[in-house]
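Notes follow once the structure below has been shown.
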Amino acid sequence: KISAVIFDLDGVIVSTDEYHYQAWKQISDQENIYFDRAINERLRGVSRMESLDIILSHSDKVYSESEKYLLAQRKNDIYCELLNKLSANDILPGIINLLISLKARDIKIAIGSSSKNTPFILDQIGLATNFDAIADGNSIKNSMPDSEVFLLAAEFLGVQPEECVVIEDAQAGIDAAKAAGMKAVGIGSAAKCFNADMKLNDISNLDIDHLLEVNEI
Ligand code: B16
Ligand code: MG
C-alpha cells in the first residue's frame, strides 16, 4: 500500500530546468563548447559536476580539477541569479492541488532532489515548510541514478521503500526510484521511460486514486 509520495524538484514541482539550460549555455558559449537543448536533456536529474563533465566531453581541451570547480561555481552563480526571479507563480500546474489532496488522505510527502539549491528554490516558491521530509543534493554522496536520495527520503519519513511512489521527470530519476524498490511515475520527458510504472504528460492529468493504486498496475 502506498503511504508516501516523493517529489523530484526540478522539472516536477517547478521548471528550473530552463534556468539550468540558460546558465550552462552561458558557460559553454564562454568556453566555446557546443551545447544545445538535446545535450541539456541529458543533464536532467544529474548532479552539477556530472553535468559539467557531460558538457566538457564536447571539448578537446583538458580541464584541471580546479578549472572545473571554477566553471561549476560560475554556472551556479548565474543559475542562482536566475532563481531570484522564481515565485509561487512558477509552481507547475496540478502540484498544489495534489499536495492538498495527499495531505487530506494522510499520505506523507517528501522532496527527493539532486539539487544543492533545493532549500533556496523551496523558499522562493513558498513551499519550504510544506513537506514532511526533504532529501537533496546536500545530504547525499551518490546522485541519481543511484537510489540514495530516495532511500534517504523514505528513512526521513519513517516508511518502507515499497510504500513509496516517486514522481520524476528524468530517466536517471526513474532508474533511481526503481533501484530503491519504489514505484515510479514518469512525467514530461520521463513519460517515455520504459521502466516507469505510470506515464503522464503533466501532473494536472494525474488521477490521485490511480496514483495510490499504482501498486496494482
Ligand atoms: P544544483 P532534480 C537536478 O534537480 C537537476 O535536474 C539537474 O539538472 C541539476 O544538475 C541537479 O539538480 C543539481 O542541481 O546545481 O542546483 O545542485 O531534478 O533532481 O530536482
Ligand atoms: Mg528533475
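The values are calculated or read from the model by the stated rules, or taken from the named source; none is laboratory data. Remember, it's a predicted structure, so these values are computed and weren't measured experimentally. Using ideal geometry, Cβ is built from the backbone for each residue, glycine included, and neighbour counts are taken over all protein chains shown. Heads up: the accessible areas ignore ligands, DNA and RNA and are worked out on the full protein's heavy atoms, side chains in. Shrake-Rupley method; radii C 1.70, N 1.55, O 1.52, S 1.80 Å.
State which residue is farthest from ligand 1 (Cβ to nearest atom) when the search covers only region 87-99 and only residues that are under 24 Å from Ile174 (Cα atoms), open to solvent by 40 Å² or more (accessible area, probe 1.4 Å) and not in a loop (DSSP other than H, G, I, E, B). Steps first, answer last, please.
Restricting attention to region 87-99, the residues satisfying the condition of being under 24 Å from Ile174 (Cα atoms) are 90-99.
Okay, now just the ones that are also open to solvent by 40 Å² or more (accessible area, probe 1.4 Å), so 90, 92-93, 96-97.
When the remaining residues are screened for being not in a loop (DSSP other than H, G, I, E, B), the result is 90, 96-97.
Working: Asp90: 14, Ile96: 18, Asn97: 20 Å.
Going through the qualifying residues, I end up with Asn97.
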TODO: Report yes if Leu43 is within 16 Å of ligand 2 (Cβ to nearest atom), of a type in the set (A, V, I, L, M, F, W, C) and either under 17 Å from Asp169 (Cα atoms) or at pLDDT below 95 (or both), otherwise no.
DONE: yes
TODO: Of the conditions (1) closer than 19 Å to Lys1 by Cβ; (2) open to solvent by 10 Å² or more (accessible area, probe 1.4 Å); (3) of a type outside the set (Ser, Thr, Tyr); (4) assigned to a helix (DSSP H, G or I), Asp175 clears all except one; give me its number.
DONE: (1)
Open item on the list: Suppose the filter is assigned to a helix (DSSP H, G or I) and of a type outside the set (A, V, I, L, M, F, W, C); does Ser143 pass it?
Closed with: no
Task: Within region 188-205, tally of residues that are surrounded by fewer than 19 Cβ atoms within 10 Å (Cβ to Cβ), among the hydrophobic types (A, V, I, L, M, F, W, C) and part of a loop (DSSP other than H, G, I, E, B) - done: 1
Task: Odd one out for Asp169 among (1) touching a residue at least 40 places away in the same chain (Cβ under 8 Å); (2) over 30 Å from Phe194 (Cβ atoms); (3) open to solvent by less than 60 Å² (accessible area, probe 1.4 Å); (4) of a type in the set (D, E, K, R) - done: (2)
Task: Tally, over region 38-51, of residues that are open to solvent by less than 30 Å² (accessible area, probe 1.4 Å), closer than 25 Å to Gln124 by Cα and part of a helix (DSSP H, G or I) - done: 2
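Which residues, counting only those in region 103-129, are open to solvent by less than 60 Å² (accessible area, probe 1.4 Å) and away from ligand 1 (no atom under 16 Å from the Cβ)? So that I can check it myself, show each step before the final result.
To start, the set of residues in region 103-129 that are open to solvent by less than 60 Å² (accessible area, probe 1.4 Å) comprises 107, 109-115, 117-118, 121-122, 124-128.
Listed by number, the residues that qualify are Ile107, Gly126.
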Open item on the list: Criterion first (closer than 27 Å to Ser51 by Cα and within 13 Å of the chain's Cα centre (by Cα)) does Val185 satisfy it?
Closed with: yes
Task: Output for region 172-189, where each listed residue is without any contact (Cβ under 8 Å) to a residue 60 or more places away in the chain and within 20 Å of Pro93 (Cβ to Cβ) - done: Val185, Gly186
Task: Hits in region 1-37 - residues which are part of a helix (DSSP H, G or I) and either open to solvent by 10 Å² or more (accessible area, probe 1.4 Å) or free of Cβ contacts under 8 Å to residues at least 12 places away in the same chain (or both) - done: Asp17, Glu18, Tyr19, His20, Tyr21, Gln22, Lys25, Gln26, Asp29, Gln30, Arg37
- [ ] Tell me which residues, restricted to region 1-21, are more than 16 Å from ligand 2 (Cβ to nearest atom) and either modelled with pLDDT of 95 or more or small (Gly, Ala, Ser) (or both).
- [x] Ser3, Ala4
Task: Residues located in region 45-86, provided they are under 20 Å from Lys141 (Cβ atoms) and either in contact with a strand residue (DSSP E or B) (Cβ under 8 Å, 6 or more places away or on another chain) or more than 12 Å from ligand 1 (Cβ to nearest atom) (or both) - done: Gly45, Glu65, Lys68, Tyr69
TODO: Would you check if Phe150 is outside any strand (DSSP E or B), on the phi < 0 side of the Ramachandran plot, open to solvent by less than 50 Å² (accessible area, probe 1.4 Å) and within 12 Å of ligand 1 (Cβ to nearest atom)?
DONE: yes
